Structure formats: structure tokens, C-alpha cells
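Have a look at the structure below before the remarks.
Here, each number is a calculation from the coordinates, and none is a lab measurement. For clarity, every value in this text was computed on a predicted model and none was experimentally measured. No Cβ is skipped: glycine too gets one built from the backbone with ideal geometry, and neighbour counts run over all protein chains shown.
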Amino acid sequence: MPWHRKHFLTIEELSRAEIEQVLATTGAFRRILDRKVKKVPALRGKTVVNLFLEPSTRTRLSFEMAAKLLSADVVSFDADKSSTTKGETLRDTAQNIQALHADMIVLRHSASGSPLYLSRVLGIPVVNGGDGSHEHPTQAMLDVFTMREKLGDLKGRKIVILGDILFSRVARSNIHALTKLGANVTIVGPSTLVPHWFEALGATVSHNLRTALADADVVMLLRIQHERQAAGLFPSVGEYISMFGLNQTRAAWIKPDALIMHPGPINRGVEIDSALADSDRSVILQQVTNGIAVRMAVLYLCAGGQPEHVLAPIE
Ligand code: CP
């Protein structure tokens, strides 16, 4: 089946077959990287602009590395030194970037739906690098890729996502991806951050940590997104830790071979004990590494590449 999407905006809009295509293309790039190939020529002559209007370490750097590994030129937008500080709109900023001959834009923005909006006013591909509380589609793809590497087929696997679900774009994208792949997703945390209406997305909602962790194959921790919350959703960080922080005692409730995951950035000692984040059960840094191959796959596909061409060597 040919890849036909110009933009990469949400996991919600992808079919299971499309998710499998991205995973297969990621696997092909991962095998190329494992052979220590320095670069492939797939995006030679193209310019990718990283338009990040919210802070980022992992997503911005791995998109930059991915584009360079594909032989593209990369320009990273410096929001603090840009004319957005003088009131220039997102639309004007992006249209000017396009006028400067960018071939593709990766957008991170605090407004949910902003990548969809840009995809409608620009003529070049737009890739969502995280939009508000809405979606973080490449994060979900690297999470799923990492789970499949470790566990194989995810059908029937129990994936627990623990923390601030309400404000998490990572949770939403993962729920869409994992349910499409046949996994059972349980979301758990305080009732103010894990409302029952998430059941409409296909997740099981729980406010009981011990019950939720039982039989989990994966426990994914999320930080509290203070930057998106009004006050009053839980009494204090200390009380959150005492009720829902993953510590050594609670880790004993999980199967010994369950994976511990986190999209980063970690608030050590809040959602997860430092020792657990660094333990053998943690695949947190492997998630980060897999982000490069996922982002190579997404840039390649949105630039018009076809999965079958990368499944055969393209060097
Ligand atoms: N996981 C993630 O999106 O991290 P950054 O905010 O550092 O990009």
C-alpha cells in the first residue's frame, strides 16, 4: 500500500495499516543506523525547519539529527530571538518560513490543533512535534516501536499509563496507537487528572494504583504538566507523590519483567523514584534513541518517500 499522507498530524487519523507502515519504515532506518551508516541521501537538497514555540530537548534534537541523517539541511527556529516576540502570528511566521524555501516544517506549539491549521494554510508538509494537550504523534510511534522491540506483538498486552493524563498529548497519542494495535490500555491517577470520559477513546480508567499495576506489561509514567494546569487539581505535589508516585514499594506490585517507560522530561522523585528510572527495567533512554529512526521515517514519508523503497537499501 503506498503512503499518501503529506502531513503527519495525529495518530487518531491513522489506520492500523498506516501505523504499521511507519513502524516498518522506522525498523528499516533503525537497521541502517545499526550498521553505522553515517547518512542516507533520501532528503538531499531539502530544508527542514524546526519551528518550536514551546521548550523541547528530545523532540527538537532528534528531528534535527534525523533530518541530517537523511542528508537534509536543518534550520532550528529560535523563538526567543524571533519576531513572534513582536507580535507576529503563527500563520505569518510559517508563511515567511515557506517563502524562504523551506521544504518541510516541524511544529511544536502550545495550541492544540495548530499543526492542522498550518497544514491548511501552507503548501509544504507539516509534522506535529507536539500540540498543546492534543497529540504528540512521533512520541507515540517511538513508544510503540520500543514496546514492540521488547515485547513483540502488543495484541492483548496490558499497558498502564500513570500520571497527568488530562493534559498529556503523549497519553492521547499512545491511547490511539496502542488500541489500534490491539493492546489494552489502562490510565490511572487522581480522578481530577484521569476523568472517566477517556473511556470514549478505548482506555480503561482507574484511580486505584495497586489494581491498575497488577499484570501490567508496561508502566508508562507521565510528569505533572504544571504549565497547562490551573491550580487545585490535587492538594500538593507531596500528596501526589504519596498517592501515585512510583516508588520501590509500588514497583513490587508490577511483574518483574514489566517495562518502565517515560517520554521525558522526568521529574525525579515525583512521578518516579530516581533509582527506578535508572534500573534495568527502565527503557527510557532506548525510547529516546528510537526517536531518531521514527523521525527519519516520518520525515522521509512526508517528503514523498515510499516504505517499500526504504525496506530495500537506499544507500
Ligand atoms: N518527550 C518529549 O517530547 O520531550 P521534549 O519536550 O524534551 O521534546
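Semi-axes, largest first, in whole Å: what does sqrt of 5 times each Cα gyration tensor eigenvalue give for the chain?
Details: eigenvalues 207, 109, 57 Å².
That gives 32, 23, 17 Å for the three semi-axes.
Would you tally the net charge around G45, using a Cβ to Cβ cut-off of less than 15 Å, leaving G45 out, and scoring K and R as +1, D and E as -1? Let's see the in-between values first.
Working: positive: K39, R44, K46, K68; negative: D73, D103.
Neighbour charge sum, excluding G45 itself: +2.
Rank-order 163-174, 234-245, 1-12 by packing density, defined as the average count of other C-beta atoms within 10 Å over each peptide's residues, highest first. Spell out each step's value before the answer.
Working: 163-174: 25.7, 234-245: 14.8, 1-12: 17.3.
Taking the mean over residues of other Cβ atoms within 10 Å, the ranking is 163-174, 1-12, 234-245.
Across the chain, how many lysine pairs, 8 or more apart or on two chains, come within less than 24 Å at their alpha-carbon atoms?
Here the count comes out as 19.
Suppose R0 equals 22 Å. What FRET efficiency, 1/(1 + (r/R0)^6) with r the Cβ-Cβ distance, do R16 and E149 give to the nearest 0.05?
Details: r = 19 Å, r/R0 = 0.84.
So, using R0 = 22 Å, E works out to roughly 0.75.
Give the peptides 252-258, 20-26, 138-144 in descending order of average Cβ contacts within 10 Å, highest first.
Details: 252-258: 14.0, 20-26: 21.4, 138-144: 26.9.
Packing proxy ranking, top to bottom: 138-144, 20-26, 252-258.
Can you pull the one-decimal nm distance between simple spin-label points at R44 and D215, each 7 Å off the Cα toward Cβ?
Output for this residue pair reads 5.4 nm.
Work out, step by step, the length gained on full extension between T289 and D34: first 0.36 nm times the residue separation, then minus their alpha carbon distance; give nm to one decimal.
Values: separation 255, 0.36 × 255 = 91.80 nm, distance 1.13 nm.
This chain segment gains 90.7 nm when fully extended.
Return the single residue from K155, K68, K86 with maximal mean-square fluctuation; model: Gaussian network over the chain, springs between Cα atoms under 10 Å.
In this elastic network of the chain, the residue with the biggest mean-square fluctuation among K155, K68, K86 is K86.
Calculate the spin-label point distance for N247 paired with V121, positioning each point 7 Å from the Cα along the beta-carbon direction, and give it in nanometres.
About 4.9 nm, to one decimal.
Highest GNM mean-square fluctuation, the chain, Cα pairs closer than 10 Å: which of R58, R120, R108?
Largest GNM mean-square fluctuation: R120.
How large is the helix-only mean residue ellipticity at 222 nm for the chain, computed as the sum of -39500 (n - 2.57) over DSSP H runs with n ≥ 4, divided by its residue count, in deg cm²/dmol to the nearest 500? Don't skip to the end; give the middle numbers.
Working: 12 runs with 121 residues, N = 315.
Using -39500 (n - 2.57) per qualifying helix, the result is -11500 deg cm²/dmol.
Once you charge only the Cβ atoms, +1 for Lys and Arg and -1 for Asp and Glu, what is the size of the charge dipole of the range 1-104 about its Cα centre, to the nearest 20 debye?
620 debye
In terms of modelled amide H atoms, which long-range or inter-chain residues lie less than 5 Å from the amide H of F52?
Under 5 Å from the amide H of F52 lie the amide H atoms of F77, R108, each far enough along the sequence or on another chain.
Hey, what's the Cα Rg ratio for the range 86-191 versus the globular rule of thumb, 2.2 N^0.38 Å?
Details: Rg = 16.7 Å, N = 106, 2.2 N^0.38 = 12.9 Å.
It is 1.29.
If you place +1 on the Cβ of every Lys and Arg and -1 on the Cβ of every Asp and Glu, how big does the dipole about the Cα centre of the chain come out, in debye to the nearest 20? Intermediate results must be reported in sequence, preceding the final value.
Details: 35 positive and 31 negative charges, 117 e Å.
That gives a dipole near 560 debye.
Which percent of Cα pairs goes in each bin when the distances of the range 207-271 are cut into 10 angstrom slices starting at zero?
P(r) over the range 207-271, rounded to whole percents: 18, 51, 26, 4.
Normalising by the residue count of the chain, find the relative contact order in percent from Cα pairs under 8 Å and 6+ residues apart. Write down the numbers at each step before the final one.
On the way: 591 pairs, mean separation 72.5, N = 315.
Once normalised by length, the contact order is 23 percent.
Find the eigenvalues of the gyration tensor of the Cα atoms of the range 197-315, then list the square roots of 5 times those eigenvalues as equivalent ellipsoid semi-axes, largest first, in whole angstrom.
Numbers: eigenvalues 217, 68, 48 Å².
Each semi-axis is √(5λ); the values are 33, 18, 16 Å.
Each residue of the range 131-145 in turn: what ³J(HN,Hα) in whole Hz from Karplus with 6.51, -1.76, 1.60 and θ = phi - 60°, glycine and Pro shown as x?
10, x, 8, 7, 8, 9, x, 6, 5, 4, 5, 6, 5, 5, 4
From Cα coordinates alone, what are the radius of gyration and Dmax values for the range 1-88 in angstrom?
Reported Rg and Dmax, both Å: 15.6, 47.
What residues qualify as long-range amide H neighbours of H136, i.e. H under 5 Å apart, gap of 5 or more or another chain, H built at 1.01 Å from N?
Here the answer is S173, since their amide H atoms fall under 5 Å of that of H136.
Within a Cβ distance under 9 Å of A251, other residues only, what is the Lys/Arg minus Asp/Glu net charge?
Values: positive: R250, R281; negative: D273.
Spelling it out: positives minus negatives among the neighbours equals +1.
Rounded to the nearest 20 debye, what is the charge dipole size of the range 175-315 about its Cα centre when +1 sits on each Lys and Arg Cβ and -1 on each Asp and Glu Cβ?
On the way: 9 positive and 12 negative charges, 46 e Å.
Dipole magnitude for the range 175-315 comes out near 220 debye.
Starting from 0.36 nm per residue, how many nanometres of slack lie between V237 and W197 once their C-alpha separation is accounted for?
Numbers: separation 40, 0.36 × 40 = 14.40 nm, distance 2.43 nm.
Contour length minus the Cα-Cα distance gives 12.0 nm.
Taking only Cα atoms of the range 201-242, what ratio of Rg to Rh do you get with Rh as the Kirkwood inverse-distance radius? Spell out each step's value before the answer.
On the way: Rg = 12.8 Å, Rh = 12.8 Å.
Radius of gyration over Kirkwood radius for the range 201-242 works out to 1.00.
Given H placed 1.01 Å from N in the peptide plane, which residues other than close sequence neighbours of L246 have an amide H under 5 Å from its amide H?
Residues meeting the amide H criterion: I272, D273.
Could you go through the range 191-206 in sequence order and give the Karplus-derived ³J(HN,Hα) for each residue, using 6.51 cos²θ - 1.76 cosθ + 1.60 with θ = phi - 60°, rounded to whole Hz, and x for Gly and Pro?
Working through the residues one at a time gives 4, 5, 9, 10, x, 5, 5, 5, 4, 4, 8, x, 9, 8, 9, 9 Hz.
Determine the gain in length on full extension of the stretch H101-R58; use 0.36 nm per residue of separation and subtract their C-alpha separation, reporting nm with one decimal.
12.9 nm
Where both residues lie in the chain, what percent of DSSP beta bridges are antiparallel, nearest 5? Spell out each step's value before the answer.
Numbers: 1 of 33 bridges.
Roughly 5 percent of the beta bridges in the chain run antiparallel, per DSSP.
Across the range 208-224, in residue order, what do the Karplus-derived ³J(HN,Hα) couplings come to in whole Hz, using 6.51 cos²θ - 1.76 cosθ + 1.60 with θ = phi - 60° and x for Gly and Pro?
10, 5, 4, 5, 5, 6, 4, 6, 5, 8, 9, 10, 9, 8, 10, 7, 6
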